[in-house]
Amino acid sequence: MSLSIGLTINGQPRTVALDDPRVTLLDLLRERLDLTGTKKGCDRGQCGACTVLVDGRRINSCLALAASLDGATVTTIEGLADGEALHPVQAAFIEHDGFQCGFCTPGQIMSAIGLIAEGHAGDDPERIRELMSGNICRCGAYQGITEAVLEAQKTLAERNRRDAA
Amino acid sequence: MNRFDYIRPVSVPEAIAAAAVPGSAYLAAGTNLLDLMKVGASRPERVINITRLPGLDRIEWLPDGGVRVGTLVRNSDLAYDERFAKTFPVVAEALLSGASAQLRNAATVGGNLMQRTRCAYFHDLAGACNRREPGSGCDALGGENRLQAVLGWSEHCIATHPSDFCVPLAALDAIVEVEGPHGGREIALDTLHRLPGATPEQETALLPGELIVALRLPAEASSFSRNARYIKLRERTSYAFAVVSAAAALEVEGGTIRKARIALGGVAAKPWRAREAEALLEGKQATAQAFAEAAELALAEARPSGDNAFKIELAHRIVTRALSLALEGTPQAMPALPASPFPALSGANHVI
Ligand SMILES: Cc1cc2nc3c(=O)[nH]c(=O)nc-3n(C[C@H](O)[C@H](O)[C@H](O)COP(=O)(O)OP(=O)(O)OC[C@H]3O[C@@H](n4cnc5c(N)ncnc54)[C@H](O)[C@@H]3O)c2cc1C
Ligand code: SF4
Ligand code: FES
Ligand code: FES
């Protein structure tokens, strides 16, 4: 069975032919579209390394069937920077040492962007930690991650205020 | 993962017709189905994507004050819906205590209700499992069973149902609306999941091809909004299934309990409604003593199914705690750690 689906990936509309409906969004990105920034940790929804935004919402791409997402807009870590200019969440992770080996980092950053957009954490570190709990960090960089999310949230809010003015 | 035909119906009748063929499975977000397909514990020959079916993604308020939630409403959208969270706070708290933000963003109402057990042997094809393969035996019985059931189990299966969402739904008399090859019907959530008996493979009351289209909470359930809590004990602070959990909802007048609702999670193959314990509380003064007696009664029939006698004592304490926290009152804002038995101190340092 051959299926053709349309996806907008990092701003680019693409038509993807799927020869097999078993492909997850994660495998589609990594194995077929060469977007290897999104990581495969557990492949079972248990670690968050594969987090991407689908229609602006963070989800685990390892547990999403690509075929079921026909028409969706997908943002991955590769779609964040504007040329050489890092996204504020990326910059904050560097500034606050939000990683060590870096394997969980693309998932952490995509999850943080989703969290900030959802707007339920305020500036409460406990709420940030709880709402980032779907991203496991084997290196234990949690302290820096929490600080990075708090700062990036502030930066983005300021930027929004400036843009609105 | 086995090969399957991928089917994309565009209407509910078309989906039901497609699912009438044996070997079919409905696919919602896939966070449970794909997980099980990856290990081979589920092997549907036909996967029917229901996420594009029209009209199933709405939260509708009914004229009498009840609510009807379409099966495709995502767990996070329901939990953060302001009116829903205000009217049924114990349901919102249970939803937000489940899984992770990413999973809740994807997971649907129907998928959460219909998720399968997390019993490790059910997931592991090398193990004998009556639920997965009728008649093959139950490796959990003499195996790793500290998290298995303490109520309603049989020697054929000692698994638990893992949903948090279902626990307050059982307590609040939620109704599941179903469409199927022979028309529509309604099922009380409390009877949706079946106890194992001699047929653990018959997990729910749904007949082949039946599709959950919506969930309803009756208007009466809103009378508990001021005194309702879900409390969930986990082996880590967040992103973990319940070891045991309890939903408690009270209607209190001048210190007297007018109505009580209690259900437990993580203790049986279904969310466990404790009706006798509710009846014991009604008309009584809301005291620690009364809550302890209610918890005692809720667990009167409990017995270990293996290395899990500790869960009975934990469940006892969690019921008592949920009742006393419900009496204290529903928090103004959702706690930072929903359903946590830890005190809700902002900046608490149990994570770092
Ligand atoms: C790592 C991890 C941690 C988790 N932690 C928790 C937790 O703490 N608490 C908790 O409650 N849950 C937890 N979950 C489970 C999660 O809540 C479920 O996976 C999710 O709710 C399933 O919803 P879905 O839409 O993805 O369903 P799917 O995976 O698409 O479907 C699940 C099942 O329901 C059936 N189904 C779906 N919709 C319908 C319908 N409308 N009618 C009939 N049948 C239907 C499918 O055929 C399938 O058998 C966790 C999951 C993971 C992976
Ligand atoms: S407890 Fe139930 S699900 Fe687990 S192995 Fe036994 S039969 Fe299977
Ligand atoms: S790879 Fe998807 S959650 Fe681990
Ligand atoms: S930085 Fe190594 S896993 Fe997080």
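The values are calculated or read from the model by the stated rules, or taken from the named source; none is laboratory data. A quick note: this is a predicted structure, and the numbers were derived from the prediction, not measured. Positions of Cβ are backbone-derived with ideal geometry, glycine not excepted, and every protein chain shown enters the neighbour counts. Just the protein is used for accessible areas: all its heavy atoms, side chains included, with ligands, DNA and RNA removed. Shrake-Rupley method; radii C 1.70, N 1.55, O 1.52, S 1.80 Å.
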Would you check if there is a residue in segment B:146-163 being over 17 Å from the mean Cα position of the chain (by Cα), more than 24 Å from B:ILE312 (Cβ to Cβ) and open to solvent by 10 Å² or more (accessible area, probe 1.4 Å)? no
Restricting to segment A:111-125, what's the tally of residues that are open to solvent by 40 Å² or more (accessible area, probe 1.4 Å), touching a helix residue (DSSP H, G or I) at 6+ places or on another chain (Cβ under 8 Å) and either within 22 Å of A:VAL74 (Cα to Cα) or within 9 Å of chain B (Cβ to nearest Cβ) (or both)? 3
Take segment B:73-87 and flag every residue that is open to solvent by less than 10 Å² (accessible area, probe 1.4 Å) and among the hydrophobic types (A, V, I, L, M, F, W, C). B:VAL73, B:LEU78, B:ALA79, B:PHE84
Residue count for segment A:83-131, restricted to those that are among the aromatic types (Phe, Trp, Tyr) and either more than 22 Å from B:THR237 (Cβ to Cβ) or within 16 Å of ligand 3 (Cβ to nearest atom) (or both): 2
Which residue out of A:PHE99, A:PHE103 is touching a Phe, Trp or Tyr at 6+ places or on another chain (Cβ under 7 Å) and either more than 14 Å from chain B (Cβ to nearest Cβ) or in contact (Cβ under 8 Å) with a residue 12 or more places away in the chain (or both)? A:PHE99
By residue number, the members of segment B:81-129 that are part of a strand (DSSP E or B) and either among the hydroxyl-bearing types (Ser, Thr, Tyr) or within 15 Å of the chain's Cα centre (by Cα) (or both) are B:THR108
Any idea which of B:VAL90, B:VAL21, B:VAL12 is open to solvent by 20 Å² or more (accessible area, probe 1.4 Å), more than 19 Å from B:GLU177 (Cβ to Cβ) and more than 8 Å from every other protein chain (Cβ to nearest Cβ)? B:VAL21
Please verify whether segment A:70-82 includes one or more residues that are surrounded by fewer than 21 Cβ atoms within 10 Å (Cβ to Cβ), more than 16 Å from ligand 1 (Cβ to nearest atom), on the phi > 0 side of the Ramachandran plot and assigned by TED's automatic domain parsing to the domain that holds A:LEU18. yes
Can you name the residue in segment A:55-69 that is in contact with a Ser or Thr (Cβ under 9 Å, 6 or more places away or on another chain), within 7 Å of chain B (Cβ to nearest Cβ) and in a helix (DSSP H, G or I) and, of all such residues, is nearest to ligand 4 (Cβ to nearest atom)? A:LEU63
With B:LEU192, B:LEU217 as the choices, which residue is under 15 Å from B:PRO162 (Cβ atoms) and either surrounded by 24 or more Cβ atoms within 10 Å (Cβ to Cβ) or among the hydrophobic types (A, V, I, L, M, F, W, C) (or both)? B:LEU192
Name the one entry in A:ALA141, A:ALA157, A:ALA148 that is surrounded by fewer than 20 Cβ atoms within 10 Å (Cβ to Cβ), small (Gly, Ala, Ser) and not assigned by TED's automatic domain parsing to the domain that holds A:CYS47. A:ALA157
